[in-house]
Every structure is written in C-alpha cells, then in structure tokens.
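So the structure is just underneath, and the comments pick up after that.
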Amino acid sequence: MKKFVVAGLAGTVAGILATTQIAGPLLAQEAENKASVYEQLDLFGDIFERIRAQYVEEVEPEELIEAAIDGMLTSLDPHSSYLSPDDAEQMRVQTRGEFGGLGIEVTQEEGFVKVVSPIDDTPADAAGIEAGDFITHVDGESILGLTLDKAVDLMRGPVGSEIIITVVREGEPDPFDVTIIRDTIKLTAVRARTEGTSVVLRVTTFNDQTFPNLQEGLQEQIAEAGGIDKVNGFVLDLRNNPGGLLTQAIKVSDAFLNEGEIVSTRGRDPNEGERFNATPGDLAEGKPIVVLINGGSASASEIVAGALQDHRRAIVVGTKSFGKGSVQTVMPLRGDGAMRLTTSRYYTPSGRSIQALGVSPDIIVEQPRPAPEEEEEENNGRTRSEADLRGSLNNDSLSEDEIRQIEEDRARAEATAELRKEDYQLAYAIDILKGLSAFTPHGPSQ
C-alpha cells in the first residue's frame, strides 16, 4: 500500500513540476497570439482609413465593413457567407417556398459558379440549364473571381426582366449563351402521382412545406389507388434537389423508418454533436421504396438517401450525388443581417461522411440523352405476331376476364416503355418495384 501511495505522490509531484515548466511558455505563447491578433486588427484599421481617405472614389464605410466581413467568411469554405439585411430576408422568404429569380441552386468551385441543380418548372429549367453547368458571364460581364454572393446578386433582378448567362457544359466544345426571363419562383415542394401501381413522390426542395406536402400527396395517391394493398411500392425522386432545411430531411427520412438513427452531426467540439433518431410509424407501411438521385442531389437530399440506404429501407438508383456533407447555421446579427457559418459535418447512420464523395447508388443508371427523331422513327416499327395472321386459332384456355386482365397488364407495360423515352431512370425505378412485387404473395397486379 505504501509503495502505491508513494508512487502516486511521486507522480503527482512530477505532474506539478511538469505543469509549472510547461505553463510558463504556454501563457507566453497565448500572450504573443493575442498581441499578434491586435496588431492585425490595427493593420485592418490602418487600411480601412487609408481607403476612406485616399481611394480614387468616395466609398461608403458600411460597404467596406460588409465586404471585409464577407471576405473573412467566404475564405473559410464555399457555403459560409455574410447576409446583408436584404439577403437575410430573401433567404427567409425562400425557406417559405416563394421568391423571385431564375430558379437555380448554385455553388462555387475553384472560383467558378457551378449549377448544383435547376429547380423544376422554373425559368432556368425551361431554358435547359443542367446540373453541373458552369456560369462564366452574366449579361456579358465575367463573374470569375467574384464571391458567390456577388455573382448571385448579378443574376437577380426585377420579375419579367431578361438576363443572358454564358454557360460552359461538359461535352460541349464551346461556351454558349442562354437567355432567361426572370420570374417569381413558387416552389411546390412535393408532387405526387401514380404510374401504373407505383406511387412517385417528386421532392424538389426541403423547405417548410416539404413534409406536409409529402404526407398529403402520398395519402391521396393511396386513396385513389383503392388502398395500400393496390400499391406495389414508392419512388422517392430526389434528382436535382439541392437540399434545404435539415429538420425537413429528418422528417422525410423518419416518414419511412420505424427506428434507428437518421443522421448525426459533429462539430469542432465533440460534446456538441447531435444524433437524430426515427420514431415509430412508416407511411409506406413496409412497401418497397426506390430512391432516385443524381449529381444535382445535394445536402438534405443526401441525408435522406443515405439514411434509407444504410437502413436497407430503399434501393438507391441513379448516379453519384453532389457530395455536400456540411451543415450551415444561420446566426442573426445586429442590424437585421445574418451570418451563414458552417458549424458541423453530418454523417449517415453507418457513420460515413459524404462530404466531397456523395452517396453512391446501389444501381448506377445514367439518364441517356434524347435520341434523334429519325432514330426514334426507325425503332418504332410494330412487329407482327401470331394473332395478326389470317385464320389464326383463338386462345381457348382463358376466360374473357382473364384475357382482359392480360390486356390491361400489357397496356401498363407499354405505358412504362413509353415512359422510358421521357425518363429512363424513373422507368427503371418502376421496373424494380414491379420485380420486387412479383416475389410478394398477393401483390398488386402489374
């Protein structure tokens, strides 16, 4: 016992000595760091005063301060920025689902403005802007080197006004101009419809309306089908969905999970991490789910896709997602402005971060480019069958009801084949649901 106590005392004494020896340099270093910070602030003040006094044109002090704050934030990462009072109000309006503009979500990549995705049924979508496009000029003015907020400011304008953006697109040899008329963007967060016996839930953004729209649309489609037993599964279409509110991504994921983790966030301080778990209740009642993603699926979309994939609740189909795995917190500032600051990374239930990597689909399905009209006409030739031959025998093994059922099934299959021409990835997802329901006893007819 004495040896143990002595050893303990010796260790304590040694610790005190070590602390004394180390604490001195640490305190000195901390004092030096503070002095260095104050020196830099003095330097900033000197530069600020020289600009006010000697710049070739008179400048507003408030604009200089805002530019300095924005520069400090944008130097951190592409998603941190300063929001002026006007920008902060516009952001609040966007989360409510209605705002003015072109209808594109953009980010910055190596100094260039890159389209994350166009928003469905907006001027940018109608003009043919695609995820992955780079915007180099606005009305002939280069935006290279501008901050993302400054570039976005150039693209804003009165509803009804015209804007010409210059686009660089992979696969196109030269940049090209696109003319767009600005409009009021009214976001319908979720559009629901039924294809055959599959319910398609197209989620365009994650704002305050998303989960209520999803729940209402899903329930309406089930009721129109005649009950959940008449539905073979659900397609959750997250393609070109740039994300939005974390809370809505959690609610949408929870809608199809009964238990388990949905997402976790981890900041610089390990003690400030958060974990969000599912609650009992599955709106799809266990029916199969296919999630569609592509390079325009970002942030909140990736949270949903990653959660359902990790829990093996859904099959993820399409192409690799965008890879935005960080969380931004909007902090109000004095004067009605705000600061958007990256405060944490998020992780899927399996503990993987998708930052810069994206969510990889279980089945990779590219969306083919539309075929030329001449080629389509060549492929539309109808083939002859036994039933077309003069004098062919009738089928005597089936009743009229059975024959009618076969014809209805064939009509559904032909409708899906037509859908492939418009949206190959969606048709592929519906085919997966059909295949899965074929192995389900008493599943809905196809």
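What whole-number distance in Å separates the alpha-carbon centres of the stretch 133-199 and the stretch 208-228?
Using only Cα atoms to place each centre, the spacing works out to 31 Å.
Apply 1/(1 + (r/R0)^6) to the Cβ-Cβ distance of K34 and R369, taking R0 = 45 Å, and write down the FRET efficiency to the nearest 0.05.
0.15
For labels at T194 and E408 in the simple 7 Å Cα→Cβ model, what's the distance in nm?
Placing both labels 7 Å along Cα→Cβ, they lie 1.1 nm apart.
If I take every Cα pair under 8 Å that is 6 or more residues apart in the stretch 69-220, average their sequence separation and divide by the length, what percent do I get for the relative contact order?
21 percent
Ordered by packing density, taken as the mean number of other Cβ atoms within 10 Å over each peptide's residues, highest first, how do 47-57, 62-72 rank? If you can, show how the numbers build up before the last one.
On the way: 47-57: 9.5, 62-72: 13.6.
Averaged packing, sorted descending, gives the order 62-72, 47-57.
In nm, to one decimal, how far is the modelled label at T343 from the one at F176, with both set 7 Å along Cα→Cβ?
4.4 nm
Any idea what the alpha-carbon Rg over 2.2 N^0.38 Å comes to for the stretch 115-254?
Cα-based Rg divided by the globular estimate yields 1.28.
Consider a paramagnetic label point 7 Å from the Cα of E162 along Cα→Cβ; state which residues of the stretch 111-139 have an amide N under 12 Å from it.
Answer for the stretch 111-139: none.
For Cα pairs less than 8 Å apart in space and 6+ apart in sequence, what is the mean separation divided by the residue count of the stretch 233-286, i.e. the relative contact order in percent?
36 percent
If a paramagnetic tag sat 7 Å from the Cα of E66 along the Cα-Cβ line, which residues of the stretch 136-156 would have the backbone N under 14 Å from that point?
149-154
Can you give the Rg and Dmax of the stretch 194-318 based on its C-alpha atoms, in angstrom?
In order Rg, Dmax, the Cα atoms of the stretch 194-318 give 14.5, 51 Å.
Once the Cβ-Cβ distance between N258 and D229 is put in as r, and R0 is 22 Å, what FRET efficiency do you end up with, to the nearest 0.05?
After rounding to 0.05, the efficiency reads 0.65.
How would you rank 156-164, 235-243, highest first, on the average number of other Cβ atoms within 10 Å across their residues?
235-243, 156-164
Set the Förster radius R0 to 25 Å, insert the Cβ-Cβ distance between L333 and F44 as r into 1/(1 + (r/R0)^6), and round the FRET efficiency to 0.05.
Between L333 and F44 the formula returns 0.85.
Relative contact order for the stretch 143-190: what is it in percent, counting Cα pairs under 8 Å that are at least 6 residues apart?
Working: 43 pairs, mean separation 15.8, N = 48.
Dividing the mean separation by the residue count of the stretch 143-190 yields 33 percent.
Here, each number is a calculation from the coordinates, and none is a lab measurement. Source: prediction; values computed, not measured. Neighbour counts are summed over all protein chains in view; Cβ atoms, including those assigned to glycine, are modelled from backbone coordinates with ideal geometry.
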